[in-house]
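K.L.:
The structure's right below; bear with me while I get my questions together.
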Protein chains: 6
Amino acid sequence: MTEEWLPTLKTDTPQEGYELAMKLARKAVGLTQPDPEIRKMLRPTYANNADSLTFASQVVAIHFQTVAAANNYWN
Amino acid sequence: MTEEWLPTLKTDTPQEGYELAMKLARKAVGLTQPDPEIRKMLRPTYANNADSLTFASQVVAIHFQTVAAANNYWN
Amino acid sequence: MTEEWLPTLKTDTPQEGYELAMKLARKAVGLTQPDPEIRKMLRPTYANNADSLTFASQVVAIHFQTVAAANNYWN
Amino acid sequence: MTEEWLPTLKTDTPQEGYELAMKLARKAVGLTQPDPEIRKMLRPTYANNADSLTFASQVVAIHFQTVAAANNYWN
Amino acid sequence: MTEEWLPTLKTDTPQEGYELAMKLARKAVGLTQPDPEIRKMLRPTYANNADSLTFASQVVAIHFQTVAAANNYWN
Amino acid sequence: MTEEWLPTLKTDTPQEGYELAMKLARKAVGLTQPDPEIRKMLRPTYANNADSLTFASQVVAIHFQTVAAANNYWN
C-alpha cells in the first residue's frame, strides 16, 4: 500500500502553500531515487552549488503556481 | 495499434494526480527512446545525479499543473 | 507554399493530445534545423543521454499544457 | 524610431500562431545580440547541437502558450 | 516555531509584487541551504556568471506570474 | 528610496508589452548583480553564446506571458 502524503492542495496560508510546494518538488526526487542513502550522499553536491540551488528553487516556483491557484491565491 | 495509456486526466485524489504527472513525464522519454535496454542503462546516470533528479522533478511539476487544472484542483 | 501541419489544437482524447504535443515540440527543431540528415546525425546523441531525454520531455510537457487547455482538459 | 514588428497576437490559424511564437522567440535574441554577423556565426553552433535545438523549441513552446491563449485556442 | 514570512501574496503595486517574487525565489534557496555562511560563499560564483544571473531571473519570472495573478494584474 | 520602475503592467500594444517583458527579465539581473561594471563585463560572454541568448529569450517569454495576460492579450 502506498502511503498517503498529498490529501489536498488546500492550505490555510500562503506560507503553508509554499511549504507544500517544497514538499511536492522533493517528492518526485524521492520517487525517482528511492534510496535515502544515495539522496543523502547527493545532498552536499547540490546544497553547495549555486545553480543547483536555483534549479531547486525553480521547481518549487512551478509547484507554488499550482498550489496558489488551488487556493485561489488565498483571497 | 497504439496501446491506450492516457484515457483521462481525471483522478480521484491529488496524490493520484501527482502519480499521473510522473507517468506523463516518463512517457515522452519512452517515446523518444523506445529501447528499454538503453533507458535501463541511462537510469543510474540520472538517478545518482542531483541536477538530473531536480530536472526530472521539474517536468513532473509542469505536468502536475496540467493535471491539477484538469481536476479543478480537486475542489 | 508552406505545408499545412497544424489545422487545429483539438483532439478526441488526451492521448492524441499528448501525441500532438510531441509533434509541436519536434516541429520547432525541424524548422530551426531543416536538414534531415543533420537531425538524424544528432538523434543518437540525445536519445542516449538522460538529461537530453528529460529536456525533450519538458518541452512536450509545456505544449501538453496548451493542448490540454485548448481541449478544456477533455471534460 | 522603432520598427513595428508585433501589431497583434491574433492569427487566423494555429499554424500561423506557431510561426508567430517562433518569431517571438527569435526577437529577444535579436534584441540582445543586435549584430547580425555574430548571430550568423553562432547559428551553426546551436543548429547542430541537439540540446540547443531542444532549448530553442522550449522557448517557442512558452510563447505558443501565450499566442494560443490570445486566440482563445482558435475555438 | 517557524517565522512568518509570507502572510499574503497581495501587494499595492506591480513593483512591490516583483520584489515579493524575488523574495519567493530566494526563500527556497535559504530553506534548501540554511547555512548563511555557505550562501555567502556561493554568492560571488553566481553573481559573476551571466547564465547563473539569467537563471535567477527566470525563477523570479515564474514567481512574478503567480504574484501578478494573485493581484489580478493590479487592474 | 527605491526608484519607481514598474508603475503598471498595462501597455498600449503587444510590442510595448514585449519590451516591458525584456525590462522585467533584465531587472532581476540588475537587482542580483547591482554593479554595472560587472554586468558590462559579463555581457560579451552571453551575447556571443547561442545557449545564453536562448536562455535570455526564455525569461522574456515567461514575463511576456504575464504582461500579455495583464493586458487581456490586447483584445
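Bear in mind these aren't lab numbers, they're just calculated from the coordinates by the rules spelled out. Quick caveat: nothing in here was measured; it's all calculated off a predicted structure. Cβ coordinates were reconstructed from backbone atoms using ideal geometry, including for glycine residues, and neighbour counts include every protein chain displayed.
K.L.:
Take the alpha-carbon centre of the range B:24-54, take the same for chain C, and report the distance between them in whole Å.
P.N.:
Centre-to-centre (Cα) distance: 18 Å.
K.L.:
Give the relative contact order (percent, whole number) for chain A; include only Cα pairs under 8 Å separated by 6+ residues.
P.N.:
Values: 44 pairs, mean separation 38.0, N = 75.
It rounds to 51 percent for chain A.
K.L.:
Using the Cα centre of chain A as origin and beta-carbon charges of +1 (Lys, Arg) and -1 (Asp, Glu), tell me which of A:GLY30, A:TYR18, A:TYR46 is placed farthest towards the positive end of the dipole.
P.N.:
A:TYR46
K.L.:
I'd like the orientation of helix D:14-32 relative to chain D: the angle between its Cα long axis and the longest Cα principal axis, in ° from 0 to 90, rounded to 10.
P.N.:
Its long axis makes an angle of about 40 degrees.
K.L.:
Would you order C:LYS27, B:LYS40 from fewest to most other beta-carbon atoms within 10 Å of each residue's own beta-carbon? Mind showing how you got there, number by number?
P.N.:
Details: C:LYS27 19, B:LYS40 9.
Placing the least packed residue first, the sequence is B:LYS40, C:LYS27.
K.L.:
What angle, in degrees between 0 and 90 and rounded to the nearest 10, separates the Cα long axis of helix B:50-70 from the longest principal axis of the Cα atoms of chain B?
P.N.:
20
K.L.:
On to the next question. Please report, for F:ILE38, the nm distances (one decimal) from its label point, 7 Å out from Cα along the beta-carbon direction, to the equivalent points in the remaining copies, shortest first.
P.N.:
Label point to label point, same position, other copies: 2.1, 2.1, 3.7, 3.7, 4.3 nm.
K.L.:
Okay, helix-only estimate at 222 nm for chain D: each DSSP H run of n ≥ 4 adds -39500 (n - 2.57), divide by all residues, round to 500 deg cm²/dmol; what do you get?
P.N.:
On the way: 3 runs with 52 residues, N = 75.
That comes out to -23500 deg cm²/dmol.
K.L.:
Can I ask one more? By its C-alpha gyration tensor, with a ≥ b ≥ c as the square roots of the eigenvalues, how is the protein assembly as shown shaped: rounded for a/c under 1.5, else prolate for a/b larger than b/c, else oblate? Let's see the in-between values first.
P.N.:
Values: a/c = 1.16, a/b = 1.00, b/c = 1.16.
Rounded.
K.L.:
Distances in nm, one decimal, shortest first, from B:GLU4 to the same residue in every other copy, taking the label point 7 angstrom along Cα→Cβ.
P.N.:
3.0, 3.0, 5.1, 5.1, 5.9
K.L.:
Next up: Let's see if you can work this out: charge +1 on each Lys and Arg Cβ, -1 on each Asp and Glu Cβ, no other charges. What is the dipole magnitude of the range E:14-74 about its Cα centre, in debye to the nearest 20? Mind showing how you got there, number by number?
P.N.:
On the way: 6 positive and 5 negative charges, 21 e Å.
Around 100 debye, computed over the range E:14-74.
K.L.:
Note down the magnitude of the dipole of the range B:1-42 about its Cα centre, charges +1 on Lys and Arg C-beta and -1 on Asp and Glu C-beta and zero elsewhere, to the nearest 20 debye.
P.N.:
Numbers: 6 positive and 7 negative charges, 33 e Å.
Roughly 160 debye, rounded to the nearest 20.
K.L.:
Fewest to most neighbouring Cβ within 10 Å: what's the order for E:PHE55, C:PHE64?
P.N.:
Working: E:PHE55 19, C:PHE64 28.
Ascending number of Cβ neighbours within 10 Å: E:PHE55, C:PHE64.
K.L.:
What percent of all Cα-Cα pairs in chain A falls in each 5 Å bin, counting up from 0?
P.N.:
Reading upward from the zero bin: 3, 14, 21, 22, 17, 13, 7, 1, 0.
K.L.:
When the dipole is taken about the Cα centre of the protein assembly as shown, and only Lys, Arg (+1) and Asp, Glu (-1) are charged at their Cβ, what size is it in debye, to the nearest 20?
P.N.:
On the way: 42 positive and 48 negative charges, 131 e Å.
Charge dipole of the protein assembly as shown: 640 debye, to the nearest 20.
K.L.:
Once both axes come from the Cα atoms, what is the angle between helix E:36-47 and the longest principal axis of chain E, in degrees from 0 to 90, rounded to 10?
P.N.:
80
K.L.:
Still on this structure, please answer the following. If neighbour count is taken as other Cβ atoms inside 10 Å, put A:LEU9, F:LEU42, F:LEU6 in order from fewest to most.
P.N.:
Values: A:LEU9 24, F:LEU42 21, F:LEU6 17.
Sorted ascending by nearby Cβ count, the order is F:LEU6, F:LEU42, A:LEU9.
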